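A.B. asks: Could you have a look at this structure, given as structure tokens, before my questions?
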Amino acid sequence: MKVLIAHIAAWIFSKMQGAELFLILRALRRAGHAIASSATFGPRVQLRIDSRATFSVGERSQVLHDSWIIAHPANVLAIGSDVFISQHCTISGNVRIGSGTLIGGFVTIIDGNHAFDDVHTPIREQGGRQLPIDIGTDVWIGAHAIVLQGVRIGDGAVIAANATVTRDVPAGAIVGGTPARVIRMRGTK
Ligand SMILES: CC(C)(COP(=O)(O)OP(=O)(O)OC[C@H]1O[C@@H](n2cnc3c(N)ncnc32)[C@H](O)[C@@H]1OP(=O)(O)O)[C@@H](O)C(=O)NCCC(=O)NCCS
């Protein structure tokens, strides 16, 4: 009996979460954000979009469960069409993701850094800065990779699992490691 009650409670809770996401999507669309009706968002996806940010998602793009998408005031966060964002990803700030790009699970893409040069002031009081991240079309980003601020990833590039991308990636390159370096160019094996 207790198991049945637990299942019913979990079902009600999941429906409530779905309703919350539905309401957030509706509010964002009404506020003018271009979120395609064919785009889908999995359970527990968090859309933390400030009212002064610009957010867009193209046709047929998918965001899987437990991913967070965050845009602060004045940020432009643009996800193209046919983009696949797997589970537990974090995408935050001024980020453009080109159409057809695939993003593996647990990937982090954040355009911000804390300032820390003043050794006499706590880092938390030094503010920070954002530099936009630009990801091309038909890119594949492996699981657990992190893309740091200001990085541009060229069209058709492949980012290996667990990479830390600190510098621009040429179109068609395969990069891996921490910091990510070019392993080879696609089509040269
Ligand atoms: C990078 C990747 C695509 C393979 O590319 P590849 O060109 O076929 O690579 P190879 O297996 O021939 O390896 C080439 C070199 O890269 C290295 N390498 C491969 N994957 C790596 C990784 N994730 N990090 C660091 N180095 C890596 C190999 O050790 C090898 O190094 P070596 O030449 O010194 O021996 C693959 O390893 C990978 O990381 N895929 C992501 C998988 C994933 O995240 N899936 C889930 C999300 S959809």
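A.B. asks: Per residue, how much accessible area does region 117-173 show when a 1.4 Å probe rolls over the protein heavy atoms, in square angstrom?
C.D. replies: So region 117-173 comes to 56 Å² accessible per residue, rounded to a whole number.
A.B. asks: Continuing with this model, one more query. On a full-extension model of 0.36 nm per residue, what is the gain between Thr178 and Thr90, subtracting their alpha-carbon distance, rounded to one decimal in nm? Before the final figure, lay out the partial values.
C.D. replies: On the way: separation 88, 0.36 × 88 = 31.68 nm, distance 1.89 nm.
Contour length minus Cα-Cα distance gives 29.8 nm.
A.B. asks: What fraction of the DSSP beta bridges in the chain is antiparallel, stated in percent and rounded to the nearest 5? It would help to have the intermediate numbers written out before the result.
C.D. replies: Values: 7 of 48 bridges.
Counting DSSP beta bridges with both partners in the chain, the antiparallel share is about 15 percent.
A.B. asks: Quick one: with all protein chains in place, what share of the accessible area of region 117-158 is carbon or sulfur, to the nearest percent (1.4 Å probe)? Let's see the in-between values first.
C.D. replies: Details: 1300 of 2480 Å².
Heavy-atom surface of region 117-158 belonging to carbon and sulfur, 1.4 Å probe: 52 percent.
A.B. asks: Here's a follow-up. Between Ala161 and Leu131, what FRET efficiency comes out of the Förster formula 1/(1 + (r/R0)^6) with R0 = 25 Å and r the beta carbon distance, rounded to 0.05? All intermediate terms of the calculation are to be shown ahead of the outcome.
C.D. replies: Numbers: r = 24 Å, r/R0 = 0.98.
Computed FRET efficiency for Leu131 and Ala161: 0.55.
A.B. asks: I need the shape label for region 44-189. Rule: rounded when a/c is under 1.5, else prolate if a/b > b/c, else oblate, with a, b, c from the alpha carbon gyration tensor.
C.D. replies: oblate
A.B. asks: Using the basic label-point model (7 angstrom from Cα toward the beta carbon), what is the Leu102 to Thr40 distance in nanometres?
C.D. replies: Those two pseudo-labels are separated by 1.7 nm.
A.B. asks: I'd like the carbon and sulfur percentage of the solvent accessible area for region 1-77, probe radius 1.4 Å, heavy atoms only, ligands and nucleic acids excluded.
C.D. replies: 65 percent
A.B. asks: Got a sec? Charge dipole of the chain, +1 on Cβ for Lys and Arg, -1 for Asp and Glu; which of Ala9, Gly177, Ile159 is way out at the positive end?
C.D. replies: About the Cα centre, the residue reaching furthest to the positive side is Ala9.
A.B. asks: Which order do you get for Phe41, Phe84 if you rank them by accessible area with a 1.4 Å probe, largest at the top?
C.D. replies: Accessible-area ranking of Phe41, Phe84, largest first: Phe84, Phe41.
A.B. asks: To the nearest 20 debye, what charge dipole does region 12-121 have about its Cα centre, counting +1 at the Cβ of each Lys and Arg and -1 at the Cβ of each Asp and Glu?
C.D. replies: Dipole size: approximately 520 debye.
A.B. asks: Here's a follow-up. Test of understanding: what is the full-extension gain from Arg29 to His120, defined as 0.36 nm times their sequence separation minus their Cα-Cα distance?
C.D. replies: Once the chain is fully extended between Arg29 and His120, it gains 28.3 nm.
A.B. asks: Please compute the per residue accessible area over region 1-93 with all protein chains in place, 1.4 Å probe, rounded to a whole number of Å².
C.D. replies: 57 Å²
A.B. asks: Among bridges DSSP assigns within region 137-189, what percent are antiparallel (round to 5)?
C.D. replies: Antiparallel bridges make up about 35 percent of those DSSP assigns within region 137-189.
A.B. asks: Also, quick follow-up: Just how much of Leu148 is accessible, in Å², when a 1.4 Å probe is used and the result is rounded to the nearest 10?
C.D. replies: Surface open to solvent at Leu148 totals about 60 Å².
A.B. asks: Got a sec? Charge dipole of the chain, +1 on Cβ for Lys and Arg, -1 for Asp and Glu; which of Leu131, Phe116, Ile103 is way out at the positive end?
C.D. replies: Ile103
A.B. asks: Normalising by the residue count of region 35-179, find the relative contact order in percent from Cα pairs under 8 Å and 6+ residues apart.
C.D. replies: Over region 35-179, the number comes to 15 percent.
The values are calculated or read from the model by the stated rules, or taken from the named source; none is laboratory data. What you see is a predicted model; the values in this text were computed from it and never measured. With ideal geometry, Cβ positions are generated from the backbone for all residues, glycine too; neighbour counts draw on all protein chains shown. For accessibility, only protein heavy atoms count, side chains too; no ligands or nucleic acids. Shrake-Rupley method; radii C 1.70, N 1.55, O 1.52, S 1.80 Å.
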